[in-house]
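Please read the structure below before turning to the comments.
Any read-out appearing in this document is the output of simple, stated calculations on the displayed coordinates, not a laboratory observation. Note that this is a predicted model, so its numbers are computed, not measured. Backbone-built Cβ (ideal geometry, glycine too); neighbour counts: all protein chains shown.
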Amino acid sequence: MKTMNCNQLGGACKKEFHADTFEAMVVLSKQHGMEMFQAQDRAHLEAMEKIQKLMKTPKDMQNWFNSKKAEFNALPENLS
């Protein structure tokens, strides 16, 4: 199990997500993002807008995904 927070994944807060795989981490992050979108949380909306500007092409999205996956893979396993 590894831990990343919303900020590390391009978001606006320090909410932690715990998952065994990066793909599971993405699901948790997306769920949180949807909750924040529905709540119209200003900080998260601004973070989403910033990410959208960075991801102009599918290649941009893949590069972002690969860099975050590498960050996840470099994390130590949670011991607790």
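Beyond 24 Å between alpha-carbons counts as too far, so tell me which of K30/K68; K14/K59; K15/K56; K2/K59 fall in that bin. Before the final figure, lay out the partial values.
Values: K30/K68 14 Å; K14/K59 28 Å; K15/K56 27 Å; K2/K59 26 Å.
Going by Cα-Cα distance, K14/K59; K15/K56; K2/K59 fall outside the 24 Å limit.
Express in whole angstrom the spacing between the alpha-carbon centres of segment 1-37 and segment 48-64.
The distance from the Cα centre of segment 1-37 to that of segment 48-64 comes to 17 Å.
Kindly write out, for segment 6-15 in residue order, the coupling ³J(HN,Hα) from the Karplus curve 6.51 cos²θ - 1.76 cosθ + 1.60 (θ = phi - 60°), rounded to whole Hz, with x marking Gly and Pro.
Each residue's phi maps through the Karplus curve to give 3, 4, 4, 9, x, x, 10, 9, 10, 4 Hz.
Quick query: amide H of K2 versus all other amide H atoms, modeled in the peptide plane; which residues come in under 5 Å with a sequence gap of 5 or more or a different chain?
Long-range HN contacts for K2: A19, D20, N78.
Each residue of segment 16-29 in order: what ³J(HN,Hα) in whole Hz does its phi give by Karplus 6.51 cos²θ - 1.76 cosθ + 1.60, θ = phi - 60°, with x for Gly and Pro?
Result, ordered by residue: 8, 10, 10, 7, 8, 10, 5, 4, 5, 4, 4, 4, 4, 5 Hz.
Once amide H atoms are built 1.01 Å from N in the peptide plane, which residues 5 or more positions from G10, or in another chain, come under 5 Å H to H?
Sorted by chain and number, the residues that satisfy this come to none at all.
What residues of segment 1-24 lie in the reach of a label at I51, counting those whose backbone N is under 12 Å from a point 7 Å from the Cα along Cα→Cβ?
5-13
Spelling out what I want: for every residue of segment 43-49, take phi, set θ = phi - 60°, compute 6.51 cos²θ - 1.76 cosθ + 1.60 (Karplus), and round to whole Hz; glycine and proline get x.
Working through the residues one at a time gives 4, 5, 4, 5, 5, 5, 5 Hz.
Of (i) 1.01; (ii) 1.10; (iii) 1.18, which one was derived for Cα Rg over 2.2 N^0.38 Å from the structure shown?
(ii)
To the nearest 500 deg cm²/dmol, what mean residue ellipticity at 222 nm is calculated for the chain from DSSP H runs of n ≥ 4 alone, each contributing -39,500 (n - 2.57), summed and divided by the residues? Each step should come with its number before you reach the end.
Numbers: 3 runs with 47 residues, N = 80.
Helices in the chain give a 222 nm mean residue ellipticity of -19500 deg cm²/dmol.
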